[in-house]
Amino acid sequence: MASVEGSGDASSSNGVDFLLTASILAAAATTVVISLLQSDHVSRKFLLNPQRLQLKRRQEYEYYWDKCIKKINLQVDYYLMGGISAYQQSGSASDRPNADPLEKIVNPISGQEEIERFVKEEFVAPSSAETGSRSTMRILKIDSNVYDSGDPRAFVFLLKSSGSSAEVFQLPLTTFATTLQAHFETQITTTAFCFVADASSGAASNLIENLVSNSAPDVKVVSQPTWMVSLASIMLSSAKVDDSKMRQIMFALCRLEAWNAHQEWKISVGSTPKRRIQTVVMTLPGQASTSVLLPVIQSAFPEDRHVFAYDGCVPSVQRALRLSKAERGTDLQTALDSVLTLSNDSTRHCIPLGGNSATPSTQYLSSKIRTLPSALSMLPVQHARVVETWMMSVDAFFALKHNERANGYLPYVFRYDYLSGAECNDFAKGSNPYWSLCSLLQHITGSRSNGLDDLILTKAIRWMQEFHSTDAVACVDPNFPIKTIENCVFQHKSILIGDKTLQDTVLPKQHWTLKQASKKGGCACCGPEPDDEEEEEEQEQKKSRHSGQSTQTKKDATSLPKQPATGYVDGAMSFAFDPARFS
């Protein structure tokens with residue numbers, strides 16, 4: 001009897017084990033099936049149509065950008081708390097106060113009178129004062145109002161004053177920025193801005209940053225500030241700030257960066273510097289932010305200099321994929337400059353930054369081009385998101401160029417391979433790389449009229465000769481979807497212009513111009529044809545032989561400057577009357 005009961009217990013135990021094992025396997029199988037069904041490959045191949053696939057992908061894009069902005073803010077908080085050593089010395093979690101420890105080091109300033117007093121003491125006070133001339137202000141972050149329970153739409157603006165003492169201030173973004181903007185508008189400044197927008201997955205803007213930093217001592221580079229990304233997220237959020245207010249905010253914060261550059265220059269060389277900062281170069285944080293930020297920057301600074309730096313779509317996609325694979329998400333920055341620069345996050349080049357608002361510049365491009373979702377659905381999400389990011393940047397450029405008479409947008413359109421191609425090893429005077437380098441530096445430094453400083457040019461050529469590009473973009477993978485990427489780009493009809501370059505790309509010439517007179521068919525996603533200009537000259541010569549005209553005479557005629565329609569004639573260029581009538 002006992003044996004029968006023992007065998008019954010054993011069989012019951014085996015049955016329970018079997019059911020438990022089956023449940024675990026079923027749960028694991030269900031998890032695997034759900035993961036497969038949610039994967040982008042299965043979704044685009046079997047489950048979702050192109051429109052629904054784009055909606056699914058946009059949710060992923062929003063998640064990545066939300067994660068990026070939270071990481072930016074946490075990095076700043078981590079730096080303010082002193083890094084890991086501060087947490088190790090603070091004891092166990094039960095020993096710490098329940099309140100946010102940042103409250104102990106942040107000085108909140110909220111009232112209008114307080115803000116006006118703060119601006120007057122820090123920026124309006126005579127610069128001859130010892131404390132005023134030796135202090136600097138760094139823009140730490142723009143965040144939601146986490147330190148008090150005010151209006152959730154009131155964003156804060158944190159500053160750090162470095163000098164004899166260090167303090168952190170918390171101010172309402174809109175109120176502080178409009179107050180600071182009113183102050184800066186009354187000040188006369190000799191500093192010019194040069195804003196660099198990117199459509200090359202960072203290669204072109206990085207080249208400009210390093211080139212200028214190593215050659216032009218009177219130029220300050222502000223590289224990809226993180227506060228611009230936070231400002232872009234505010235523009236896309238439900239708590240959207242009014243456009244006029246956003247222009248004031250952008251104006252105030254950029255002028256604050258210029259003011260801070262002067263303060264740092266004074267500290268480094270003394271109270272009476274021999275050579276002041278003449279230009280502040282600000283690079284936008286990645287090609288993803290261009291479509292959101294560039295229109296606001298142009299409206300806030302219509303008279304300052306701009307550079308639009310680009311490369312083809314195919315090499316930009318390859319470059320972004322390499323950056324994404326090489327990224328290490330666990331790295332924590334300890335230096336303040338690294339914390340405030342968005343240079344270690346591939347999100348800025350790989351993930352589109354857009355929304356569903358009525359403003360065209362902030363919408364996803366796949367919402368504006370009807371045929372683009374179908375073309376993008378043929379690509380894996382890793383490729384498709386970079387393609388749309390690149391196209392949104394170029395689309396923002398075209399949107400401003402199409403209305404340039406009203407908005408005054410006249411940038412230096414810089415093609416990356418004009419300074420990074422295989423033929424750019426030699427910068428001999430008169431060569432194409434030489435003229436491209438000269439024109440770019442002349443535009444950035446504002447020295448086209450007075451001539452570029454020989455020392456700057458010498459340093460720039462030396463740096464370019466030592467520059468060994470590791471940016472290999474040749475397609476060695478035969479399975480790389482070049483044709484599919486080109487098909488996506490072709491859905492944007494405006495890109496199909498201009499000598500296989502973007503509109504008004506500055507050509508490598510001694511007498512360069514920001515506006516090109518002629519256009520030829522081509523697209524920005526393909527590589528350049530090195531013999532295009534030679535073929536054009538040959539065609540011109542053939543036409544001239546058939547017509548009996550001289551190409552040299554034609555070139556000389558077209559090289560003359562266009563006369564303004566004033567009713568007067570320049571006697572140095574042409575006769576004021578027809579001499580045949582008096583012969």
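The values are calculated or read from the model by the stated rules, or taken from the named source; none is laboratory data. Computed from a prediction, not measured in an experiment: that's the story for all the values here. Backbone-built Cβ (ideal geometry, glycine too); neighbour counts: all protein chains shown. Surface areas here come from the heavy atoms of the whole protein model, side chains and all, with no ligands, DNA or RNA. Shrake-Rupley method; radii C 1.70, N 1.55, O 1.52, S 1.80 Å.
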Cross-chain or 6+ apart pairs with Cβ under 7 Å, the stretch 68-82 first and touching a residue at least 24 places away in the same chain (Cβ under 8 Å), then of a type in the set (S, T, N, Q) and assigned to a loop (DSSP other than H, G, I, E, B): Gln75/Gln333
Among (1) in contact (Cβ under 8 Å) with a residue 24 or more places away in the chain; (2) part of a helix (DSSP H, G or I); (3) not basic (Lys, Arg), the one test that Ala406 misses: (1)
Counted residues, the stretch 283-305 - those being part of a strand (DSSP E or B) and crowded, with 24+ Cβ neighbours inside 10 Å: 1
Answer from Leu455, Leu441, Leu437 - the residue that is modelled with pLDDT of 85 or more, part of a helix (DSSP H, G or I) and surrounded by fewer than 19 Cβ atoms within 10 Å (Cβ to Cβ): Leu455
All positions within the stretch 262-279 that are at pLDDT 75 or above and not in a helix (DSSP H, G or I): Arg276, Ile277, Gln278, Thr279
Conditions (1) exposed (fewer than 15 other Cβ atoms within 10 Å of the Cβ); (2) within 25 Å of the chain's Cα centre (by Cα); number of the one not met by Glu466: (2)
Test: residue in the stretch 412-423 that is open to solvent by 20 Å² or more (accessible area, probe 1.4 Å), at negative phi, within 17 Å of the chain's Cα centre (by Cα) and modelled with pLDDT of 90 or more: no
Scope the stretch 336-359; condition among the β-branched types (Val, Ile, Thr) and modelled with pLDDT of 80 or more; matching residues: Val339, Thr341, Thr347, Ile351
Number of the condition not met by Cys438 [criteria: (1) of a type outside the set (Asp, Glu); (2) within 25 Å of Ala320 (Cβ to Cβ); (3) more than 16 Å from the chain's Cα centre (by Cα)]: (2)
Selection status of Leu400, open to solvent by 10 Å² or more (accessible area, probe 1.4 Å), in a loop (DSSP other than H, G, I, E, B), at negative phi and hydrophobic (A, V, I, L, M, F, W, C): no
Listing of helices (runs of 4 or more DSSP H) fully contained in the stretch 30-134 that carry 1 or more residues being at pLDDT 85 or above: 50-80, 112-119
